[in-house]
Structure formats: C-alpha cells, structure tokens
Amino acid sequence: MKCPYCGAADTRVVDSRPVDGGLAIRRRRECGACGRRFTTYERPQLEPLMVVKRSGRREAFNPDKLLRGLLLACEKRPVDPEQLKKFAYTFEDRVEGPEITSEEIGRRAMAFLKTLDPVAYIRFASVYREFDSVERFIEEIRALEEGGE
Ligand SMILES: [Zn+2]
C-alpha cells in the first residue's frame with residue numbers, strides 16, 4: 001500500500017491487531033520514505049451484491065431465488081441438487097464488482113446447466129426468455145439433439 005502522505009510505495013506493517021471483537025483488523029503502517037505512520041482497517045464487505053433488473057430496478061442478490069430457478073429447471077432430471085446448491089451459494093463469490101444484471105445471471109446459469117443436463121438447460125433458457133422467437137428455441141433444441149453447440 002502506498003503512503004497517503006508522500007505516495008511512496010515502500011510502507012511496512014509495524015503493528016497488526018484484531019479490533020471490533022475480531023471482526024476487523026487494524027494495522028499500523030510506516031512509510032520507509034517519509035517515516036510517517038498511518039492506520040488501515042480490514043473488514044468484511046457486508047454490502048450485498050446488487051442485481052440490476054431489466055426494468056432498471058435494483059435488488060439484493062438472493063441465492064435462494066437462483067437455486068429455486070435451477071431446481072425447477074432440473075425437476076425429474078438426473079441432476080444432483082448438491083451441485084445446484086453449490087453453484088447458487090458460491091455464485092456471489094464469482095462476481096466481480098458490486099452489481100450484476102439479471103441477464104448476466106441468467107447467462108451464467110444457462111452455461112452451467114448446459115454442462116449438466118440439456119433438458120434442464122432448455123427449460124431454464126425458455127423461462128428466462130433468452131430465445132427471442134420460437135424458431136430460435138427450436139434451433140437450439142435441434143443443436144442439442146445433434147450434439148453440437
Ligand atoms: Zn511517506
């Protein structure tokens with residue numbers, strides 16, 4: 001970390017201790033160039049991932065909602081629900097940045113389902129209205145039947 005006083009990159013941690021009952025770490029750093037000290041705090045980021053919906057409205061990401069969609073798509077299909085749970089509950093960890101569009105969530109979920117079960121994939125894709133026409137939908141099913149992309 002750079003020194004906030006002189007901008008030198010050469011700073012070192014001289015003291016590190018848990019604070020807030022262990023919920024944060026306080027570090028004292030010293031600049032090797034100007035010798036000044038400053039404090040940093042490291043705490044978990046508690047703001048939820050925000051989903052930007054088609055309407056432009058935002059809501060907090062809900063892994064249960066994603067899981068419900070996946071489970072529905074995989075109903076009576078030979079898919080291990082544990083895999084779906086793992087995908088839904090680790091989804092947030094794979095998103096960079098504070099928000100994601102609902103379309104992007106749908107795309108990622110579809111890419112995931114495509115590797116698990118073709119029927120589940122088609123079901124999910126149709127729910128998320130990824131196909132803009134019936135023709136496009138049929139094309140996609142044909143492609144799967146032929147074993148292609
Ligand atoms: Zn400095």
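The values are calculated or read from the model by the stated rules, or taken from the named source; none is laboratory data. Source: prediction; values computed, not measured. Cβ: placed from backbone, ideal geometry, glycine included. Neighbour counts: every protein chain shown. Note: areas computed on protein heavy atoms with side chains; ligands, DNA, RNA excluded. Shrake-Rupley method; radii C 1.70, N 1.55, O 1.52, S 1.80 Å.
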Averaging sequence separations of C-alpha pairs under 8 Å and six or more residues apart, then dividing by the length of segment 50-145, give the relative contact order as a whole percent. 31 percent
If each K or R counts +1 and each D or E counts -1, the residues other than residue 40 whose Cβ falls under 9 Å of its Cβ total +3
Kindly rank 55-65, 97-107, 75-85 from highest to lowest mean number of other beta carbons found within 10 Å of each residue. 97-107, 75-85, 55-65
5 angstrom amide H check on residue 50, placed H, neighbours 5+ away: 61, 99, 100
Whether the chain is rounded, prolate or oblate, judged on the alpha carbon gyration tensor where a/c under 1.5 counts as rounded: prolate
Taking the alpha-carbon distance from residue 53 and a cut-off under 30 Å, which lysines remain once sequence neighbours fewer than 8 residues away in the same chain are dropped? 65, 76, 85, 86, 114
In Å², and per residue, what accessible area does the chain have when probed at 1.4 Å with the other protein chains present? 68 Å²
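Calculate what fraction, in whole %, of the accessible area of the chain sits on carbon and sulfur atoms when a 1.4 Å probe is rolled over the protein chains. Before the final figure, lay out each step's value.
Details: 5050 of 10180 Å².
Ligands and nucleic acids excluded, carbon and sulfur give 50 percent.
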